1. Would you mind stating whether residue 25 is hydrophobic (A, V, I, L, M, F, W, C) and touching a Gly at 6+ places or on another chain (Cβ under 6 Å)?
2. Scan the stretch 103-143 for residues that are part of a helix (DSSP H, G or I), surrounded by 15 or more Cβ atoms within 10 Å (Cβ to Cβ) and of a type in the set (Ser, Thr, Tyr) and jot them down.
3. Find all pairs meeting these conditions: Cβ atoms under 7 angstrom apart; at least six residues apart or on different chains; first residue within the stretch 5-18 and of a type in the set (Ser, Thr, Tyr); second residue modelled with pLDDT under 85.
4. When the residues of the stretch 60-100 are narrowed to those that are open to solvent by 20 Å² or more (accessible area, probe 1.4 Å) and of a type in the set (Val, Ile, Thr), which ends up nearest to residue 158 (Cα to Cα)?
5. State the number of residues belonging to the stretch 18-67 that are part of a loop (DSSP other than H, G, I, E, B) and either under 23 Å from residue 110 (Cβ atoms) or among the hydrophobic types (A, V, I, L, M, F, W, C) (or both).
6. Hey, does the stretch 107-116 have a residue that's within 17 Å of the chain's Cα centre (by Cα) and among the hydroxyl-bearing types (Ser, Thr, Tyr)?
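The values are calculated or read from the model by the stated rules, or taken from the named source; none is laboratory data. Keep in mind that what you see is a predicted model, and the values were worked out from it rather than measured. With ideal geometry, Cβ positions are generated from the backbone for all residues, glycine too; neighbour counts draw on all protein chains shown. Quick note on the areas: whole protein, heavy atoms, side chains included, nothing else; ligands and nucleic acids left out. Shrake-Rupley method; radii C 1.70, N 1.55, O 1.52, S 1.80 Å.
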Amino acid sequence: TGIVANPEQRLADLPMLSEAEHHQLTVEWNNTHVDYPKSQCIHQLFEAQVEETPDAIAVVFEDNQLTYRELNSHSNKLAHYLQKQGIGAEVLVGLCVERSSFGAATLTLYMIVGMLGILKAGGAYVPLDPSYPPERLSFMLEDSQVSVLLTQEKFVEQLPDAISLQQ
């Protein structure tokens, strides 16, 4: 349609979609607004979901999966441990766990359990990527002054004062 309307136009400048298709793609399909309780934190919304669907699959990573009940149980155990370590409101906790091989945006089960556990304990997490150079990690740890650093067993030796998330 675009080339018929303007045969002299360069191919790169021709519209790929009709106006209706463009509207559908950019407006209709992009209408993702959802109301949610703004007075609740993500871990509180998560716990409400646990109550609604405890046996539904909450997360899947590679060959592992956790139901909402299992994920809640793991994150509660971590939260209780962190509270015993003095983690509470406005206390920073480093979280240095392996990212997935699918890309930096993909979270592993350890990362999800860690984030929920830290939030449930009342703390705030500082994400640290174990693939960063040691100098960068040291700077980030010193600069943020985290109280506790959670990581996986395989990263304990390369991180000062780390507490391992048991695999």
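1. Values: hydrophobic (A, V, I, L, M, F, W, C): yes; touching a Gly at 6+ places or on another chain (Cβ under 6 Å): no.
It is false that residue 25 is hydrophobic (A, V, I, L, M, F, W, C) and touching a Gly at 6+ places or on another chain (Cβ under 6 Å).
2. Keep residues of the stretch 103-143 that are part of a helix (DSSP H, G or I), which gives 109-121, 134-143.
In the following step, the residues that additionally are surrounded by 15 or more Cβ atoms within 10 Å (Cβ to Cβ) were identified as 109-121, 137, 140-141.
Within the stretch 103-143, 110 is the sole residue that qualifies.
3. Between residues of the stretch 5-18 that are of a type in the set (Ser, Thr, Tyr) and residues that are modelled with pLDDT under 85, the close pairs are 18/1.
4. Taking the candidates together, the pick is 91.
5. Of the residues in the stretch 18-67, the ones part of a loop (DSSP other than H, G, I, E, B) are 18, 29-41, 53-56, 62-63.
Keeping just the survivors that are either under 23 Å from residue 110 (Cβ atoms) or among the hydrophobic types (A, V, I, L, M, F, W, C) (or both) gives 29, 34, 41, 53-56, 62-63.
Of the residues in that region, 9 qualify.
6. As a first pass, look at the stretch 107-116 and keep what is within 17 Å of the chain's Cα centre (by Cα): 107-116.
Restricting the remaining residues to those that are among the hydroxyl-bearing types (Ser, Thr, Tyr) gives 108, 110.
Scanning the stretch 107-116, I find at least one residue that is within 17 Å of the chain's Cα centre (by Cα) and among the hydroxyl-bearing types (Ser, Thr, Tyr), so the answer is yes.
This table checks each residue for (1) open to solvent by 80 Å² or more (accessible area, probe 1.4 Å); (2) over 23 Å from the mean Cα position of the chain (by Cα); (3) at pLDDT 90 or above.
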residue	(1), (2), (3)
24	no, yes, yes
31	yes, no, no
46	no, no, yes
51	yes, no, yes
54	no, no, yes
